[in-house]
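Asker: One structure, pasted below without further comment.
Any read-out appearing in this document is the output of simple, stated calculations on the displayed coordinates, not a laboratory observation. Worth saying up front: this structure is predicted, and the values here are computed from it rather than measured. Every residue, glycine among them, receives a Cβ derived from its backbone with ideal geometry; neighbour counts consider all protein chains shown.
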Amino acid sequence: MEAARASVCVTGAGGFIASSLVKLLLSKGHYAVRGTVRDPGDGKNAHLKALEGAAERLQLCKADLLDYNSVASAVAGCEGVFHVASPVPSGRSSNPEVEVIAPAVTGTTNVLKACYEAKVRRVVVVSSVAAVLSNPNWPKGKVFDEDSWSDEDYCRKNEDWYYLSKTKAEREAFSYAAKTGLDVVTICPSIVIGPLMQSTVNSSSKILLNYFKGDRDTVENRLRNVVDVRDVADALLLTYEKPEASGRYICNSAAIKVSDMINILKNLYPTYPYPKNFIEVEDNFSYSSEKLQKLGWTFRPIEETLRDSVESYRAFGVLN
Ligand SMILES: NC(=O)c1ccc[n+]([C@@H]2O[C@H](COP(=O)([O-])OP(=O)(O)OC[C@H]3O[C@@H](n4cnc5c(N)ncnc54)[C@H](OP(=O)(O)O)[C@@H]3O)[C@@H](O)[C@H]2O)c1
């Protein structure tokens, strides 16, 4: 007998992280997934329809985060919602209030209000370490944990609009939860890499892809905090399913120097024109995912993440 189906909604289903989550949810067999996309007919969402189980259990619906009614109809009847959609700019934005901050903040408010109206059991919101790290009051050298919040004035002063958007959105999520009693959990991933499911390259994958371009012989030897996209999907599902999950969770696996990452890549794929020289830098920092690990989260080794990322880049022809 088929297990009872639970309907869940994933916002921005065609994005990098959301696609992995949709795949994971469908693989469980007992979730009926409603994915919101801005344009269901756009070829960049075609990979979702090809997923195993999609024909029976995936419905794509058109919704824009800034259009409350579209969000409300996507969420209606769902028992859980994963709010993943938010702009992740690659470069400088010419109109950050409109392009980045409004969709992140008003978008989150719209999703939460719709969830409250629809009596959704739990909402898992994807925040970011961007909402954790820009905190001038955090003791230098101390590992960042969930107690650290980015300072909005500091983000504004530095024109870190993406950081500001994620900080405001996550604060808004918890303040709405406190006001209404809606069950909200947030996940704060570090730099997310891992296999692409489509040829559209998202902003964080470009950070890794840049090392293959051969346009820089010398790079800063930063400590990069990264996490595999499949492990982020696991974290989202884990925090949805575990009744005891609450508050925010940093989601970071490896802290790795750029030179060490390049060495792993060189061993696996020796022929690419990687950077050759590394400049040591001071401002290295790291994050603790202890809270998430205590909930049962585990993550892949970095070698597997790097190998599977490169294999997907090759398969989609985005390396050259
Ligand atoms: N990648 C990372 O390293 C990382 C790290 C920490 C947190 N995050 C967070 O993870 C989430 C997903 O990021 P990603 O890396 O998967 O990026 P992505 O591939 O660019 O996905 C972003 C998604 O948001 C959707 N979106 C943006 N504005 C929207 C709007 N006004 N209405 C409806 N949908 C909208 C996009 O839809 P379209 O396809 O229609 O544009 C896309 O599906 C974001 O909340 C991001 O802040 C990412």
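Asker: Using modelled amide H (1.01 Å from N, peptide plane; none on Pro or chain starts), what sits under 5 Å from the amide H of Tyr249, excluding residues fewer than 5 places away?
Answerer: Thr186, Ile187, Cys188
Asker: List the pairs from Lys23/Lys62; Lys113/Lys206; Lys206/Lys276; Lys28/Lys242; Lys23/Lys257; Lys142/Lys168 whose alpha-carbon separation is above 26 Å, in the order I gave them. The partial results should precede the final answer.
Answerer: On the way: Lys23/Lys62 19 Å; Lys113/Lys206 34 Å; Lys206/Lys276 19 Å; Lys28/Lys242 15 Å; Lys23/Lys257 31 Å; Lys142/Lys168 24 Å.
Long pairs (Cα-Cα over 26 Å): Lys113/Lys206; Lys23/Lys257.
Asker: Output the relative contact order of the chain, whole-number percent, from Cα pairs under 8 angstrom with separation of 6+ residues. Each step should come with its number before you reach the end.
Answerer: Working: 618 pairs, mean separation 54.5, N = 320.
Computed over the chain, the figure is 17 percent.
Asker: Would you mind calculating the gained length between Asp215 and Glu159 on full extension (0.36 nm times residue separation, minus the Cα-Cα distance), in nm to one decimal?
Answerer: Values: separation 56, 0.36 × 56 = 20.16 nm, distance 2.71 nm.
Full extension of this stretch gives 17.5 nm more.
Asker: Take each of the peptides 12-19, 233-240, average the number of other beta-carbon atoms within 10 Å over its residues, and list them starting from the highest. All intermediate terms of the calculation are to be shown ahead of the outcome.
Answerer: On the way: 12-19: 25.4, 233-240: 23.5.
The packing order, highest mean first, is 12-19, 233-240.
Asker: Another one. Zone of Asp260 (label point 7 Å along Cα→Cβ, backbone N under 16 Å): which residues in the stretch 218-241?
Answerer: Flagged as within label range: 221-228.
Asker: May I ask for the angle, rounded to the nearest 10°, between helix 102-117 and the longest principal axis of the chain, with both axes built from Cα atoms and the value confined to 0 to 90°?
Answerer: Result, in degrees: 30.
Asker: Quick query: amide H of Val132 versus all other amide H atoms, modeled in the peptide plane; which residues come in under 5 Å with a sequence gap of 5 or more or a different chain?
Answerer: Close amide H contacts, sequence-distant or interchain: Ser150.
Asker: How far is helix 161-180 tilted, in degrees, relative to the longest principal axis of the Cα atoms in the chain, given as a value from 0 to 90 rounded to the nearest 10?
Answerer: 30
Asker: Full-extension gain between Ala315 and Ile191, please, as 0.36 nm times their residue separation minus the C-alpha to C-alpha distance.
Answerer: Working: separation 124, 0.36 × 124 = 44.64 nm, distance 2.20 nm.
That works out to 42.4 nm of additional length.
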